[in-house]
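The values are calculated or read from the model by the stated rules, or taken from the named source; none is laboratory data. These numbers come from a predicted model, not from an experiment. Ideal geometry is used to build each Cβ from the backbone, glycine not excepted, and the neighbour counts take in all protein chains shown.
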Amino acid sequence: RAPICAGETILSLSTISKEGITGTWSPALDNTLTKTYTFMPFSGQCVNAVNTTIKIIVNELISPVFDVIEPICFGEKLEKLPLVSTNNISGTWTPEIDNTQTTTYTFTPDDGPCVTEIKTTISIQVFPVPNAGLSTELVVCITSSKLILFEELEGSPDVGGLWTNELGETLDGGHLATFNPLKEKGGAFVYTITTTHCGAMSTRILISVLEKPIIKSIHVVDFSNDNVITIHMEDSESYQYSIDGFNYQSENIFNNVVIGDYTVYVKNDCFEVEKEVQVCGAPKFFTPNNDGENDTWQVVCFENDPTARVTIFDRFGKVLKVFKPSARGWDGTYIGELSPSTDYWFVLEYTKNDVRMRKRGHFSLIRRFLE
């Protein structure tokens, strides 16, 4: 008999020999193991006492064997599965290779001698790579509530990481570590996710804590053709500046400022402070025509300085008027007479830091009717 494969059907053995001798076979046929079968003739027949035997070889079914494939990390290169097993059985795999998720692949053997019909499977595990989120910058007010750093990260970060500060110190609270603007300084805080199979990933939050601006000083250049206000701060942070409360700029210098009273505003994204300032000076001209506009000439500022005094001179140096800045000013008359349209000079005397100061200048008197 030709060998068979385990499980294959064995044709029944003939119970009549070629010589016409009848009998039975023992043991019963078995298609799972190699066995020797013995023919035992029935009695009453003139036969040799030696029993006849037949050995039927049953070959085991062969299952394909493959090397173990190690797990990979998400997105890592995954080679195609071998189409021939280590014991030389060919076949095909389904489904297609996928390096984004854990997948079980099935091997279907080609037809071959004693190759099992049972399909072989291999599961390739794909581990997720660590996701620490996206780095970001955060500006907070010093009066803001305590922050949970993890909640400020974007990019759907993984939980379970650790936070460290700029000194490399690990913060308490695990991935839910907090930051208190009122008690802590800003800086870079790093969040790190570490995995067993796919390494580590870090991201950071750069925190800036804004405090209330402090105006160190305001320098005013006045009594000039280009009056200037310059605002000096206690620190070098970036601020927005305004002298009208509506129009803001990043520069701390305002040029061509007209004389008058101003409120200087300085703000950041959290706070705004203000301070009063005066740009002093005197009109370049006035028109005492009794029309209600520019009928008097007066120095602007120093109204609250009891030592301040303004003296008006004509071009010959004659004193025409002496008055305080808090007074009405000069109406363009001298001893009840109208002074002519021409240029006049003034001297302003005042006290600053207990030092007597003096400013000089000139202006024009313009009349719009015949004197």
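Report yes if some residue within segment 122-133 is within 30 Å of ILE72 (Cβ to Cβ), assigned by TED's automatic domain parsing to the domain that holds THR92, surrounded by fewer than 16 Cβ atoms within 10 Å (Cβ to Cβ) and among the aliphatic types (A, V, I, L, M); otherwise report no.
Checked segment 122-133: at least one residue is within 30 Å of ILE72 (Cβ to Cβ), assigned by TED's automatic domain parsing to the domain that holds THR92, surrounded by fewer than 16 Cβ atoms within 10 Å (Cβ to Cβ) and among the aliphatic types (A, V, I, L, M).
Only one of THR307, THR287, THR333 is hydroxyl-bearing (Ser, Thr, Tyr) and surrounded by 15 or more Cβ atoms within 10 Å (Cβ to Cβ). Can you tell me which?
On the way: THR307 fails: surrounded by 15 or more Cβ atoms within 10 Å (Cβ to Cβ); THR333 fails: surrounded by 15 or more Cβ atoms within 10 Å (Cβ to Cβ).
Result: THR287 is the single residue among THR307, THR287, THR333 that is hydroxyl-bearing (Ser, Thr, Tyr) and surrounded by 15 or more Cβ atoms within 10 Å (Cβ to Cβ).
Every residue, every condition in (1) touching a Ser or Thr at 6+ places or on another chain (Cβ under 7 Å); (2) farther than 30 Å from CYS198 by Cα; (3) among the polar types (S, T, N, Q), yes or no:
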site: SER17; (1), (2), (3): no, yes, yes
site: GLY20; (1), (2), (3): no, yes, no
site: GLY23; (1), (2), (3): yes, yes, no
site: PHE107; (1), (2), (3): yes, no, no
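Restricting attention to segment 27-75, which residues are more than 20 Å from GLY7 (Cα to Cα), under 60 Å from the mean Cα position of the chain (by Cα) and surrounded by 13 or more Cβ atoms within 10 Å (Cβ to Cβ)?
Step one: list which residues in segment 27-75 are more than 20 Å from GLY7 (Cα to Cα), which gives 38-53, 65-75.
With the extra rule that they be under 60 Å from the mean Cα position of the chain (by Cα), the set shrinks to 65-75.
Across segment 27-75, the qualifying residues are PHE66, ILE69, PRO71, ILE72, CYS73, PHE74.
Mind checking whether some residue in segment 203-216 is at pLDDT 95 or above and surrounded by fewer than 13 Cβ atoms within 10 Å (Cβ to Cβ)?
Scanning segment 203-216 turns up at least one residue that is at pLDDT 95 or above and surrounded by fewer than 13 Cβ atoms within 10 Å (Cβ to Cβ).
Out of everything in segment 116-130 that is of a type outside the set (Val, Ile, Thr) and not in a loop (DSSP other than H, G, I, E, B), what residue ends up being farthest from TRP93 (Cα to Cα)?
Applying the first criterion (of a type outside the set (Val, Ile, Thr)) to segment 116-130 yields 117, 119, 123, 125, 127-128, 130.
Narrowing the set further to residues that are not in a loop (DSSP other than H, G, I, E, B) leaves 123, 127.
Working: SER123: 12, PHE127: 22 Å.
This residue is PHE127.
For segment 322-371, which residues satisfy the criterion of being among the charged types (D, E, K, R) and within 15 Å of PRO288 (Cα to Cα)?
Within segment 322-371, ARG328, ASP331, GLU337, ASP343, ARG367, ARG368, GLU371 meet the criteria.
Restricting to segment 199-226, what's the tally of residues that are at positive phi and either in contact with a Cys (Cβ under 7 Å, 6 or more places away or on another chain) or polar (S, T, N, Q) (or both)? Explain how you work it out, then say what you get.
To start, the set of residues in segment 199-226 that are at positive phi comprises 199, 223.
This time we only want the ones that are either in contact with a Cys (Cβ under 7 Å, 6 or more places away or on another chain) or polar (S, T, N, Q) (or both), so: 223.
Number satisfying all stated conditions: 1.
Do the conditions hold for PHE254, that is, is it more than 23 Å from CYS141 (Cα to Cα), without any contact (Cβ under 8 Å) to a residue 60 or more places away in the chain and more than 30 Å from the chain's Cα centre (by Cα)?
Spelling it out, PHE254 is indeed more than 23 Å from CYS141 (Cα to Cα), without any contact (Cβ under 8 Å) to a residue 60 or more places away in the chain and more than 30 Å from the chain's Cα centre (by Cα).
Is it the case that some residue within segment 147-167 is hydrophobic (A, V, I, L, M, F, W, C), surrounded by 18 or more Cβ atoms within 10 Å (Cβ to Cβ) and in contact with a Cys (Cβ under 7 Å, 6 or more places away or on another chain)?
No, segment 147-167 contains no residue that is hydrophobic (A, V, I, L, M, F, W, C), surrounded by 18 or more Cβ atoms within 10 Å (Cβ to Cβ) and in contact with a Cys (Cβ under 7 Å, 6 or more places away or on another chain).
Every residue in segment 142-177 that is among the small types (Gly, Ala, Ser) and under 26 Å from PRO213 (Cα atoms), please. Explain how you work it out, then say what you get.
Within segment 142-177, the first condition is being among the small types (Gly, Ala, Ser), and the residues that meet it are 144-145, 155-156, 160-161, 168, 173-174, 177.
Result: SER144, SER145.
Sort out which residues of segment 325-371 are among the aliphatic types (A, V, I, L, M) and touching a Pro at 6+ places or on another chain (Cβ under 9 Å), and write them in order of number. Explain how you work it out, then say what you get.
First pass over segment 325-371, keeping only residues among the aliphatic types (A, V, I, L, M): 327, 335, 338, 347-348, 355, 357, 365-366, 370.
Passing the criteria: LEU338, LEU348, LEU365, ILE366.
Output the residues belonging to segment 182-202 that are of a type in the set (Gly, Ala, Ser) and either crowded, with 18+ Cβ neighbours inside 10 Å or out of contact with any strand residue (DSSP E or B) (no Cβ under 9 Å at 6 or more places or on another chain) (or both). Even if it seems obvious, please write down each step before you answer.
Looking only at segment 182-202, we keep the residues that are of a type in the set (Gly, Ala, Ser), and these are 186-188, 199-200, 202.
Across segment 182-202, the qualifying residue is only GLY186.
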